[in-house]
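What follows is a single structure, written as structure tokens, with notes after it.
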Amino acid sequence: MTALGVGLARPGAPLSWRRWARSPSALAGTALVGLVVVVAVVSLAWTPYPPLAIGPSHSLEGPSWAHILGTDQYGRDVLSRLMAGSRTSLYAGVVPVLAASAIGVPAGLLAAARGGIGDQIVMRLSDVLYAFPALLAAIALSAALGASTGTAMLAIGTAFVPVFVRVTRSNALVVLGSGYVLAARAYGRRPLQILRRHVLPNIATTVIAQMSLLCSLAILAEAGLDYLGLGTTPPTPSWGNMVQAAQDYLSQDPLLTVWPGLAIIVSVLGFTLLGDGIAELRNTHLGRCA
Amino acid sequence: MSVHGGPRLVSDVSFDIARGERVGLIGESGSGKSLTALAIMGLLADELVATGHVYLGGEDLLAASERRRCQLRGSSVSMIFQEPMTALNPTMKVGKQVSEALRAHRKLNRREAHDAAIELLGRVELADPRRCSMMYPHELSGGQRQRVMMAIALACGPDVVLADEPTTALDVTVQRRVLELLDCLVAEQGCALLLITHDLAVASEICDRVLTMYAGRVVEAGPAERMLSSPAHPYTCALLETSLALPVDSPSDGPLPTIAGNVPPAGAFPSGCPFQERCWRRVEDCKVDPPLQRDGDHAVACWRPVPERTGVTFG
């Protein structure tokens with residue numbers, strides 16, 4: 001399953017939380033994402049050491065009892081920085097996706113329900129955004145607004161809007177073409193009511209799965225932008241800029257690149273598995289039909 | 001009323017139906033009967049256009065605004081669809097779907113709507129309506145689903161019910177019960193019923209009047225008894241033979257009778273009478289489109305209709 005396409009909704013079966021418990025992806029995903037969230041929340045109140053506290057006398061140390069994951073080039077505790085970085089990653093992972101969906105989903109619904117000119121306008125605008133090279137946009141934004149987490153989030157969010165437009169529109173079209181929507185119109189439901197009562201509930205799972213997958217992509221993208229110096233700037237810790245800094249010391253302390261890398265892997269994997277799990281919830285077939 | 005979608009799909013269908021009357025609209029697949037129903041409801045696909053008039057109590061439905069039509073759908077005219085599995089939302093409990101239909105036109109809160117829904121489910125003779133209302137469509141049998149559809153269609157007490165092949169998707173044994181139920185409900189509510197079907201036997205069960213459609217037009221119309229005992233249009237005769245062919249007593253040895261040929265596809269309707277290629281009573285005149293000729297309460301569009309058989313009763 002690609003990160004950019006969850007597949008068309010087959011609103012075949014109602015949700016069942018028991019299925020959640022039986023799906024390895026959903027469980028693993030929830031566990032990993034939960035881990036990251038917990039770490040992020042905890043880091044608000046406590047980290048082993050202040051993430052910005054420099055200790056030049058013990059730089060580039062390996063793992064020890066004092067510093068579980070060692071120290072970086074300035075003697076800062078890696079674990080504490082990793083924990084603080086999780087906040088940045090989570091923030092930069094979730095906020096752009098929420099913002100993009102807030103714009104993309106209504107636009108997609110509009111395009112699907114209206115058809116005709118409205119549909120064309122929305123799709124063409126979305127195509128423009130989609131075709132625009134995101135990295136270029138990020139660089140341009142960085143140059144204009146200065147590199148920061150916010151700039152990275154803006155670039156990522158903008159790049160994600162067309163994805164939501166497409167996913168929402170195609171799934172909404174499937175639902176709008178169904179027999180039960182015709183039947184709902186037959187007992188007098190107006191288009192807006194149909195969107196609310198039939199379309200949204202049936203596409204919700206797919207859209208949420210898509211959101212989770214895009215969160216994983218966002219975290220990766222944000223780390224990448226930070227690595228390139230276009231996002232969160234040091235000394236604020238973020239996994240991306242930790243990797244960037246650590247690569248200068250690869251020969252002296254190879255483990256330094258590994259920790260933030262692992263953190264990125266864990267969170268990306270978590271969100272991806274979560275997205276898969278959510279999508280699986282919907283895509284089970286009905287079983288025996290009477 | 002006619003329906004165009006590029007080529008003419010339904011031409012000049014005209015009939016009226018009085019309160020409490022049951023009219024059967026009979027024809028094969030492709031005859032345009034479903035399109036007629038959808039056109040009345042204003043639910044045609046965007047590429048199709050209906051022209052003409054559809055009067056409901058003096059108001060022309062085709063000329064009404066979409067908003068007005070939404071008000072009328074369900075409350076004045078409603079439709080029962082052919083395939084209940086497609087026409088019911090698979091992710092919504094059945095009771096909620098009936099409540100939905102109720103709340104489309106009445107201001108009810110959830111509790112009231114739910115109770116009314118259960119009451120409706122009871123009226124369509126579903127055993128244990130409370131339990132049924134908590135089920136999903138796939139947990140019910142075909143017959144039960146069709147009853148739910150009927151409950152939805154009758155929820156707001158419409159004046160006219162259009163039933164599009166309500167029994168086609170059901171087992172024969174269940175068909176009769178569902179038809180009887182439909183008959184009952186329509187009688188109770190005093191609404192008019194347009195029963196669309198390809199099965200003459202089904203129509204003969206409960207209809208007062210019958211219209212036969214072929215290739216998008218009405219070819220014969222009249223009281224059910226007359227139509228079924230002594231049909232005038234060759235197509236109706238052929239339909240009668242094919243659907244009532246098996247005699248109850250004597251075993252049938254030969255193959256089932258069929259009407260040779262196929263319904264011409266839309267857009268390829270021949271000029272003149274659409275049935276001429278398959279008609280055994282064809283004459284030169286048939287190259288010109290026969291108009292619907294009225295004779296009292298009976299009408300037929302044929303240059304050489306089958307003469308009336310007297311002394312034959314249908315029963």
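The numbers here are math on the coordinates, done by the rules we state, and not lab data. This structure is a prediction, so every number in the text was calculated from the model and none was measured. We place every Cβ from the backbone using ideal geometry, glycine too, and count neighbours over all the protein chains shown.
Based on the Cβ-Cβ distance from A:Ile117 to B:Phe15, what FRET efficiency comes out when R0 is 41 Å, to the nearest 0.05?
Working: r = 38 Å, r/R0 = 0.93.
About 0.60, to the nearest 0.05.
Which of the listed residues, A:Leu145, A:Val167, A:Leu98, is farthest toward the dipole's positive end in segment A:84-228, when Lys, Arg count +1 and Asp, Glu count -1 at the beta-carbon?
So the residue we want is A:Val167.
Report, largest value first, the span of the C-alpha coordinates of the protein assembly as shown along each principal axis, in whole Å.
Principal-axis extents of the protein assembly as shown (Cα, largest first): 118, 52, 50 Å.
Any number yet on Rg/Rh for segment B:178-240, C-alpha, Kirkwood?
Looking at segment B:178-240, the ratio lands at 0.99.
Is it possible to state the helix-based mean residue ellipticity at 222 nm for the protein assembly as shown, with each DSSP H run of 4+ residues giving -39500 (n - 2.57), the sum divided by total residues, to the nearest 500 deg cm²/dmol? What is it?
On the way: 22 runs with 300 residues, N = 605.
-16000 deg cm²/dmol, from helical runs alone.
Can you compute the FRET efficiency between B:Asp128 and B:Gln71 using 1/(1 + (r/R0)^6), with r the Cβ-Cβ distance and R0 = 30 Å? Round to the nearest 0.05.
0.30
Quick check: the distance between the Cα centres of segment B:126-166 and segment B:12-55, to the nearest angstrom?
Using only Cα atoms to place each centre, the spacing works out to 23 Å.
For B:Arg294, project a label point 7 Å along Cα to C-beta. Then give me every residue of segment B:14-40 with its amide nitrogen under 13 Å of that point.
B:14-17
Please compute, for peptide B:74-80, the average count of beta-carbon atoms on other protein chains lying within 10 Å of each residue's beta-carbon. All intermediate terms of the calculation are to be shown ahead of the outcome.
Working: counts 6, 2, 1, 2, 4, 5, 2.
Partner-chain Cβ atoms within 10 Å, mean over residues of B:74-80: 3.
Arrange A:Thr88, B:Thr258, B:Thr51 by Cβ neighbour counts within 10 Å, fewest through most, would you?
B:Thr258, B:Thr51, A:Thr88
How big is the shadow of the Cα convex hull of segment B:151-195, averaged over all directions, in nm²? Please report the intermediate quantities before stating the final value.
Values: hull surface 11.7 nm².
If you wrap the Cα atoms of segment B:151-195 in a convex hull and average its projections, you get 2.9 nm².
With unit charges on the beta carbon (Lys/Arg positive, Asp/Glu negative), name the residue among A:Ala263, A:Gly29, A:Ala155 whose Cα is farthest towards the positive pole of the charge dipole of chain A.
Checking the options against the dipole of chain A, the answer is A:Gly29.
Taking +1 at the Cβ of each Lys and Arg and -1 at the Cβ of each Asp and Glu, which of B:Val210, B:Ser133, B:Leu193 sits farthest along the dipole of chain B towards its positive end, judged by Cα position relative to the Cα centre?
Farthest towards the positive pole: B:Ser133.
Take B:Lys33, B:Lys96, B:Lys287 and order them by how many other Cβ atoms sit within 10 Å, fewest up front.
Lowest to highest Cβ neighbour count: B:Lys287, B:Lys96, B:Lys33.
Placing unit charges on C-beta atoms (Lys and Arg positive, Asp and Glu negative, everything else neutral), compute the dipole magnitude of the protein assembly as shown about its Cα centre in debye, rounded to 20.
So the dipole magnitude of the protein assembly as shown works out to roughly 1180 debye.
Going by average Cβ density within 10 Å per residue, which order do the peptides B:170-176, B:274-280 take, highest to lowest?
B:274-280, B:170-176
Using a 10 Å cut-off on Cβ to Cβ distances, tally the other chain neighbours for every residue of A:189-197 and report the average as a whole number.
3
Partner chain Cβ atoms within 10 Å, averaged over the residues of B:37-46 - can you pull that number for me?
Per-residue shielding by partner chains comes out at 2.
What chymotrypsin sites (Phe, Trp or Tyr not before Pro) in segment A:41-127 are in a loop by DSSP, with at most 16 other Cβ atoms within 10 Å of the Cβ?
Answer by residue number: A:Trp46, A:Trp65, A:Tyr74.
Note the per residue figure in Å³ for the convex hull of the C-alpha positions in chain A.
Looking at chain A, the number lands at 146 Å³ per residue.
For chain B, with only Lys/Arg (+1) and Asp/Glu (-1) charged at the beta-carbon, what is the dipole magnitude about the Cα centre, in debye rounded to 20?
940 debye
Rounded to a whole number of µm²/s, how large is the Stokes-Einstein D of chain B at 20 °C and 1.002 mPa s, given Rh as the Kirkwood radius over C-alpha pairs?
104 µm²/s
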